[in-house]
Amino acid sequence: MTERIADIGSRIDVICQLGAVVNAMRGIAAARAQQARNQLIAVDGYAATVAAAIGRTLTLVPATRPESPRRATQPALVLFCAEQGFAGAFSERMLDAASDELTKSALFLIGTRGGVVATERGITATWKSAMPSHSAGIPKLADRIAEALYGCIAKGSIDRLDAVYSKWRPGEGTHVERRRLFPFDRASFPYPLDDNAPLLNLRSQALLRDLTADYLYAQLCSAALHAFAAENEARMEVMAAARTQVERQLSSLRATQRFVRQEEITAEIIELAAGETASRSERSL
C-alpha cells in the first residue's frame, strides 16, 4: 500500500512538472503573438505610405502602349506554414488550402515543420526557408524571400505570385488568407486627391520601380508577421487544451491518492483494533 502511495505521488510530481512546461510554452507563445501584432501596426502603416506614394507616382509615369501578351510561364505561391511543433494541424490546414495549386505552381515554402509535412505528402518546394523564432527576424526573412523571387521573375519563370498565410482574428480564430503580390494591380493604389505634383530627384520610372520593390517587401513582412502571430495563437490553443488535460489528470490522481490513503488508514485502524482485541483476550485468560 505504501509503495502504491509513493507511485501515485511520483506521477503527480511528473504531471505537475509537465503542467509547468505547458504554462511556460503558452506564456511564450502569447508574448510572441502580441509582439508580432504590435509590429504589424508599423508594417501596415509603412505599406500604406508606400502605396500612397505609388499612386501619386503613377500619375507622373507616361502612358505606355499595351504590351503584347506574354507567354504564360508558371504561377508561384509563397506559403507560410508552422516553424515548430505543438501547433495542432496548422501546417496541414495551410497545405490543404493550397492543395489544388501545389502541383502546378512554384512553391516557396516557409516553416520547418511545414516542410516536414509537405515532404510526407510528396510535395516538392522550389525554395524553402525556416521561420525565425522571434518576430524581429521577419525583415531578414522577407529580404531572402524577395531575393529568391526577383531571381525567378528576372528569368521569366513565374508570371504570377500570391502569398498564402494564416491570419488571426479576435473572437474568430485563424483564417487562411490570400494576397496577390505580383503583378501589381494599378487600380489598388490610391489616386491622389490633390494636384500637387511632388518634387522628384529621380526619373518617375526609376522611382516607381523602387517603390514597388519596397511595397513587395512590406507585403512579405506583413504576411510573415500574420503567419507568425497565427502560429503562436494556434500553439496557445493547443497548450490551453493540454493544460485542461493536465488539470483533469491531476484531479483524478489526487482523488485516487486520497482514496488509497483512506484505505491505508482504515487498514491500520482495523489492524490496531484487532491487536487490541487479541491482547484483551490473552489477559482474560
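Points worth noting:
- The residue among A125, I138, T112 whose Cα reaches farthest toward the positive pole of the charge dipole of the range 97-141, with charges on the beta-carbon of Lys, Arg, Asp and Glu, is I138.
- Across the range 19-30, computed HN-Hα scalar couplings (Karplus, 6.51 cos²θ - 1.76 cosθ + 1.60, θ = phi - 60°) run x, 5, 5, 4, 4, 5, 5, 5, x, 5, 4, 5 Hz from first to last residue, x flagging Gly and Pro.
- Counting lysine pairs in the chain that sit 8 or more residues apart in sequence, or on different chains, and whose Cα atoms lie under 22 Å apart gives 6.
- Segment D185-Q34, length gained on full extension (0.36 nm per residue, minus Cα span): 51.2 nm
- Per principal axis, descending, Cα span of the range 1-152 in whole Å: 91, 37, 21
- The chain: equivalent-ellipsoid semi-axes (sqrt of 5 x gyration tensor eigenvalues, Cα, Å): 64, 20, 12
- The chain, dipole about Cα centre (Lys/Arg Cβ +1, Asp/Glu Cβ -1), debye to the nearest 20: 880
- Whole-percent pair-distance distribution, where bins are 5 Å wide, for the alpha carbons of the range 209-278: 3, 13, 8, 9, 7, 7, 8, 6, 6, 5, 5, 4, 4, 3, 3, 2, 2, 1, 1, 1, 0
- Applying a DSSP loop filter and a limit of 15 other Cβ atoms within 10 Å to the GluC sites (Glu not before Pro) in the range 93-165 leaves E101.
Only the coordinates and a few stated rules stand behind these numbers; no lab work does. Quantities reported herein were computed from a predicted structural model and do not represent experimental measurements. Methodologically, a virtual Cβ is constructed for each residue, glycine included, from the backbone with ideal geometry; neighbour enumeration extends over all protein chains shown.
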